[in-house]
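> Submitted below is the structure of interest, expressed as structure tokens.
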Amino acid sequence: MTTTRQHHTRTARHRRLLAAAAIAATVTTVTAGCSKDDKAAPPPPSPTASPSPSADPQEAEKAALLGVYRAFWDASLKAYSTGSMKNTGMESVGVDKAYAKVQATQIYYRDNDFVMTGAPNLSPRVTALDSAAAPPKASITDCIDSTNYIQVEKQSGKPVETMDKNRRHAATYTALKVGGAWQIRDFDISRDQLC
């Protein structure tokens with residue numbers, strides 16, 4: 001038979017265990033999945049907030065174009081610094097005359113035992129976009145600053161003296177969207193038009 005005192009002690013102990021279990025469950029739930037590498041989750045959107053319309057309905061296309069333009073430059077830099085078009089990624093972003101011009105320049109550097117070091121500063125802008133054309137077409141203009149993009153002798157690393165002392169040139173690139181993907185088709189880097 002249980003006395004009142006024993007019953008009271010068991011009940012108090014039972015309550016303490018339930019309280020401890022509830023606290024442990026709460027702590028586990030709150031901290032589940034957290035680690036020092038986790039970032040805080042963004043707060044849920046306000047029910048009254050509505051997405052603001054884009055100021056430029058072609059913003060996504062322009063962003064895609066500039067991404068392809070930068071990928072074209074990345075591929076060009078690989079070709080000019082290695083002396084090879086292999087494994088540059090040029091085939092997916094530069095075609096037709098653009099591909100041929102990069103390849104011709106890469107061959108010139110290779111045949112003369114030159115490579116390019118560093119990288120130019122780019123500031124491209126989409127200046128024309130015709131999404132209704134078949135296929136869609138666009139133009140990108142840039143002021144290419146090659147101050148930190150230097151032609152050097154491959155073996156010695158010695159800079160090659162060039163006739164062109166100006167390091168900032170205006171450039172125009174044309175692109176077409178074929179098979180759902182933008183590609184750089186041609187370009188002209190002006191030796192006369194400075195920026």
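The values are calculated or read from the model by the stated rules, or taken from the named source; none is laboratory data. Here the structure is a predicted model, which is why all the values come from computation and not from measurement. Positions of Cβ are generated from backbone atoms using ideal geometry, with glycine treated the same way; all protein chains shown enter the neighbour counts. For accessibility, only protein heavy atoms count, side chains too; no ligands or nucleic acids. Shrake-Rupley method; radii C 1.70, N 1.55, O 1.52, S 1.80 Å.
> Of all residues in the range 112-128, which are assigned to a strand (DSSP E or B), at pLDDT 95 or above and open to solvent by 30 Å² or more (accessible area, probe 1.4 Å)?
Result: Asn121, Arg125, Thr127, Ala128.
> Scan the range 182-195 and report the pairs whose first residue is small (Gly, Ala, Ser) and whose second residue is open to solvent by less than 30 Å² (accessible area, probe 1.4 Å), with Cβ atoms within less than 8 Å and a gap of 6+ or a chain change.
Ser190/His169; Ser190/Ala170; Ser190/Ala171
> For the range 82-111, name all the residues that are closer than 23 Å to Pro159 by Cβ, at pLDDT 95 or above and small (Gly, Ala, Ser).
Matches in the range 82-111: Ala104 only.
> Here's a follow-up. Residues in the range 73-96 that are open to solvent by 20 Å² or more (accessible area, probe 1.4 Å), more than 20 Å from Gly118 (Cβ to Cβ), touching a residue at least 40 places away in the same chain (Cβ under 8 Å) and assigned to a helix (DSSP H, G or I): how many?
Residues in the range 73-96 being open to solvent by 20 Å² or more (accessible area, probe 1.4 Å), more than 20 Å from Gly118 (Cβ to Cβ), touching a residue at least 40 places away in the same chain (Cβ under 8 Å) and assigned to a helix (DSSP H, G or I): 2 in total.
> Cβ-Cβ distance below 6 Å, separation of 6 or more or different chains: which pairs start in the range 134-160 with a residue that is without any contact (Cβ under 8 Å) to a residue 12 or more places away in the chain and open to solvent by 40 Å² or more (accessible area, probe 1.4 Å) and end on one that is of a type outside the set (Asp, Glu) and not in a loop (DSSP other than H, G, I, E, B)?
Final answer for the pair search is Pro159/Ile150; Pro159/Val152.
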